[in-house]
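Here is the structure we will look at.
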There are 2 protein chains.
Amino acid sequence: VVASRPGMDLVLTKDAIVEGVHFLPGTPPGQIARKLLRVNLSDLAAKAAEPYAYLLAAAWPAAYGWPERQAFAEGLRQDGEAFDLVLLGGDTTSTPGALTLSLTLLGWVPAGRMVRRAGARPGDLLMVSGTIGDGALGLAAARGELADPDGFLADRYVSPQPRLDLRTALRAGAHAACDVSDGLVADAGHIARASGVGLVLRLDGLPLSPPAARWLDGQPDRATGLLRLATGGDDYEVVCAAPAPLAGFTVIGEVTAGQGTQVLAGGRTLEPGPGGWRHG
Amino acid sequence: VVASRPGMDLVLTKDAIVEGVHFLPGTPPGQIARKLLRVNLSDLAAKAAEPYAYLLAAAWPAAYGWPERQAFAEGLRQDGEAFDLVLLGGDTTSTPGALTLSLTLLGWVPAGRMVRRAGARPGDLLMVSGTIGDGALGLAAARGELADPDGFLADRYVSPQPRLDLRTALRAGAHAACDVSDGLVADAGHIARASGVGLVLRLDGLPLSPPAARWLDGQPDRATGLLRLATGGDDYEVVCAAPAPLAGFTVIGEVTAGQGTQVLAGGRTLEPGPGGWRHG
């Protein structure tokens, strides 16, 4: 039970993750718990909400015994404490199939101040927080497909840091926002579709971490490399549209009166693959 | 996003159901949707809350194509409309395993007036709404193990009617309540444990539907038959403890200062099976 807070709106997000779809079989349970929580926190962060509490539904296959379930609960408890979250309850059941976890996360925003996907206007700047592409490279590193000497990239993939610190900037200035989970181009596209606007996205201005910049330098074609970083997903940064630059964000394009997303790199327009702009 | 309602508390319930655990493979998708919604509505009914909205997370196996998913969505839409519920959103994903559905249901109660499992006091009457045992017999009927000429029993199992009509009575007089999903004896036991009290439950006073009464008359041992009805589950009625009789409820026992549940029938004390009081 949640008491109403006059002057505040409650924001709810709900996400399900499934073994073999969202995480690899064999992933340590504590790591699964932390990622589940953080992926949902990232969604709240993009909405400029303050995290409050969560409910969990878990369907456990018989292959997960008590030690694994305890490790999961401990990961959840640790991160719940770190992010100051109340566990309100939930449901646990068995399943003959894959481990399936569904989280409902609750947050508060001042009444009417939630930042939505809809609301971007022609002339707005398109901006993204932090650095982009580390999630996709981190997945490759975690799979052993990419050198990652200090573990920076794998850590960005395994333990995303939800950008809850951007709340004030988003509330103050953003017309629309979305967290970067599917890939920057796809998630910017979510804003465009919800807002009924077009986008120009300039990948040459993509903010990159030093390891991502080094990886890009080693690519045969810079534009193709940039596109991989911008479509790879799992960054858990925030992309937003606002009439003026916001603290913590890098300008990467602009909102237009048209529709669709025009993606530019190295002076040319890139085309989406057959599956659209989502690669990850 | 949910605007706060001053003077009201938000009540949340979350339940997950899994194919092969909570419903049989081959169950019509529209029927699964309705049962999922109604099982959660029953939980809200026992808390004396007014249903408001829901979020759904669905993990679909590839064997479910668009027609099945559409039938599910249509069942959800119909019942959502019938119960005046807002669909707030959710998440859809694929799964290599069993169909898994997780529902988060939201309801409102006047501030501080939610009826909990804890709160029963020695001397309270133990009461149950409607009739008990139809769910268990209905499952047997749906499996073809029991004659059910007019389909009454199967319908009670397939389409439970959440007892939202008991809200006023529960708020006015109940110290504690729980919906009857695991079986009357088990769910009454949930109240006893949460409240730190004991129970005496008199099965001879169990309210029975005419088909359940006919079934009982045909049983070789009446006490064993009553126990099956009281432990079968899936009734989606409400069991509560209150200091005086409440409209819509039948008195079936009382709350004591001890602990544990004493189950009486035909003048003798019945013993739980090796799995405790839950048979269903």
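The values are calculated or read from the model by the stated rules, or taken from the named source; none is laboratory data. Because the structure is predicted, anything quoted here is derived from the model rather than measured. Backbone-built Cβ (ideal geometry, glycine too); neighbour counts: all protein chains shown. Keep in mind that these areas ignore ligands, DNA and RNA; they rest on the heavy atoms of the full protein, side chains included. Shrake-Rupley method; radii C 1.70, N 1.55, O 1.52, S 1.80 Å.
Taking the alpha carbon gyration tensor of segment B:1-115, what are the square roots of 5 times its eigenvalues, largest first, to the nearest whole Å?
Calculated on Cα positions only, the semi-axes equal 28, 13, 12 Å.
With a probe of 1.4 Å, find how much accessible area the protein assembly as shown has per residue, and write the answer as a whole number in Å².
Dividing the accessible area of the protein assembly as shown by its residue count gives 40 Å².
Over the alpha-carbon set of segment B:201-280, divide Rg by the Kirkwood Rh and report the Rg/Rh ratio to two decimals.
We get a ratio of 0.95 for segment B:201-280.
If the convex hull of the alpha-carbon atoms of segment B:231-275 is projected onto planes in all directions, what is the mean projected area in square nanometres? Show your work: numbers first, answer last.
Details: hull surface 19.0 nm².
Answer in nm², one decimal: 4.8.
I want to verify a result. In a Gaussian network model of chain B, Cα cutoff 10 Å, which of these has the top mean-square fluctuation: B:T131, B:T92, B:T261?
B:T92
After finding the eigenvalues of the alpha carbon gyration tensor for segment B:41-88, what semi-axes result from the square roots of 5 times each, listed largest first in whole Å? Display every interim value, and only then the final one.
Details: eigenvalues 128, 28, 15 Å².
Whole-Å semi-axes of the equivalent ellipsoid: 25, 12, 9.
Over both sides of the B-A contact, add up the buried accessible area with a 1.4 Å probe and give it to the nearest 100 Å².
2700
Nearest beta-carbon of B to the rotation axis carrying it onto A: which residue, how many whole Å?
B:G97, 1
What shape does segment B:135-187 have by the C-alpha gyration tensor, where a ≥ b ≥ c are the square roots of the eigenvalues, rounded means a/c under 1.5, and otherwise prolate means a/b greater than b/c and oblate the rest? Can you show the working numbers first?
Details: a/c = 4.26, a/b = 2.19, b/c = 1.94.
Here segment B:135-187 falls in the prolate category.
Can you give me the C-alpha center-to-center distance between segment B:231-263 and segment B:145-184, rounded to a whole angstrom?
If you average the Cα positions of each part, the centres end up 13 Å apart.
So what's the Cα pair-distance distribution over segment B:79-195, bin width 10 Å, in %?
It works out to 10, 29, 34, 23, 4, 0, in whole percents.
For the protein assembly as shown, what is the Kirkwood estimate of the hydrodynamic radius, computed as the reciprocal of the mean inverse distance between distinct Cα atoms, to one decimal in Å?
25.7
At a Cα cut-off below 17 Å, give the lysines reachable from A:K14, other chains included and same-chain residues fewer than 8 away excluded.
A:K35, A:K47, B:K14
At a Förster distance of 56 Å, what's the computed FRET efficiency of A:Q161 paired with B:Q161, Cβ-Cβ distance as r, to 0.05? Provide the component values of the computation, followed by the final result.
Values: r = 47 Å, r/R0 = 0.85.
Computed FRET efficiency for A:Q161 and B:Q161 comes out at 0.75.
List the relative contact order of chain B as a percent without decimals, with contacts defined as Cα pairs under 8 Å and 6+ residues apart.
Relative contact order comes out at 25 percent.
Quick check: at a probe of 1.4 Å, how many percent of the accessible area of segment B:206-280 sits on carbon and sulfur atoms? Please list the in-between numbers first.
Values: 1870 of 3580 Å².
Whole-percent figure for carbon plus sulfur exposure: 52.
Dividing the Cα radius of gyration by the Kirkwood radius, what Rg/Rh value follows for segment B:132-235?
0.99
Could you give the distance between the Cα centres of segment B:91-134 and segment B:27-88, to the whole Å?
Cα centres, segment B:91-134 to segment B:27-88: 15 Å.
What percentage of the solvent-accessible surface of segment B:62-164, computed with a 1.4 Å probe over protein heavy atoms, is contributed by carbon and sulfur atoms?
53
Considering only the label points, 7 Å along Cα→Cβ from Cα, what distances in nm to one decimal separate B:G144 from the same position in each other copy, shortest first?
List, nearest first: 5.2 nm.
Figure the gain on full extension for A:T269 and A:R121 (residue separation times 0.36 nm, minus the Cα-Cα span) and round it to one decimal in nm.
Going from the current span to full extension adds 51.0 nm.
Between B:T27 and B:A147, what length in nm is gained on full extension when 0.36 nm per residue of separation is reduced by their alpha carbon distance?
Separation in residues times 0.36 nm, less the Cα-Cα distance, equals 41.2 nm.
Compute the projected area of the convex hull of the Cα atoms of chain B, averaged over all viewing directions, and report it in nm² to one decimal place.
15.5
Quick one: label points 7 angstrom along Cα→Cβ at A:G26, distances to the other copies in nm, smallest first?
Those separations, rounded to one decimal, come out as 3.8 nm.
Between A:T92 and B:E81, what is the label-to-label distance in nm when each label sits 7 Å out along the Cα-to-Cβ direction?
Here the modelled spin labels are 4.0 nm apart.
For B:A247 and B:R5, what is the calculated FRET efficiency with R₀ set at 41 Å and r taken between the beta-carbons, to the nearest 0.05?
About 0.90, to the nearest 0.05.
For segment B:1-63, with equal point scatterers placed on the C-alpha atoms only and solvent neglected, what are the log10 I(q)/I(0) values from the Debye formula at q = 0.17, 0.23, 0.27 1/Å, to two decimals?
-0.70, -1.06, -1.31
What nm distances, shortest first, do you get from the label point of B:R268 to those in the other copies when the point sits 7 angstrom along Cα to Cβ?
8.8
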